[in-house]
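Below is one structure; the comments refer to it alone.
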Amino acid sequence: MTSFAFILGCVPLWVATGAGSVARQIMGTTVIGGMVAATAIAIFMIPALFVLVERLASRRGAAVPQPSPSEAD
């Protein structure tokens with residue numbers, strides 16, 4: 001939600017007109033593109049990499065230590 005709010009907040013830069021508008025449009029395009037890419041990576045790539053690493057670890061026999069019931073109290 002924060003990412004999308006920031007992206008929408010940069011839309012006025014992207015559609016700027018008047019004096020100095022080209023610099024603002026370039027900045028808006030760059031910031032919006034970067035935030036869209038970072039959001040996509042955070043939503044899709046990080047969970048996929050987590051699953052991949054977990055599967056590789058389970059194949060190698062590296063068990064994730066689980067707390068015993070006495071330690072959980």
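The values are calculated or read from the model by the stated rules, or taken from the named source; none is laboratory data. None of these values were measured; they are calculated from a predicted model. When we count neighbours, we look across all protein chains shown, and the Cβ atoms used for this are built from the backbone with ideal geometry, even at glycine. Quick note on the areas: whole protein, heavy atoms, side chains included, nothing else; ligands and nucleic acids left out. Shrake-Rupley method; radii C 1.70, N 1.55, O 1.52, S 1.80 Å.
Brief remarks on what is shown
- Consider segment 1-27 and keep the residues that are of a type in the set (S, T, Y) and more than 17 Å from A42 (Cβ to Cβ). The one that is most open to solvent (accessible area, probe 1.4 Å) is T17.
- Long-range neighbours under 9 Å by Cβ, at least six apart or interchain, first residue under 10 Å from S3 (Cβ atoms) within segment 24-44, second assigned to a helix (DSSP H, G or I) and of a type in the set (S, T, Y): M35/S3; V36/S3; A38/S3; T39/S3; A42/S3
- Residue within segment 53-65 that is open to solvent by less than 90 Å² (accessible area, probe 1.4 Å), modelled with pLDDT of 90 or more and among the hydroxyl-bearing types (S, T, Y) present: no
- Flag if G34 is open to solvent by less than 50 Å² (accessible area, probe 1.4 Å) and of a type in the set (G, A, S): yes
- Restricting S21, S3 to those that are of a type outside the set (K, R) and more than 22 Å from the chain's Cα centre (by Cα) reduces the list to S21.
- Selection of first residues in segment 12-23 that are part of a helix (DSSP H, G or I) and of second residues that are of a type in the set (D, E, K, R), restricted to Cβ pairs under 6 Å at least 6 apart or on distinct chains, gives the following pairs, ordered by first then second residue: L13/R24.
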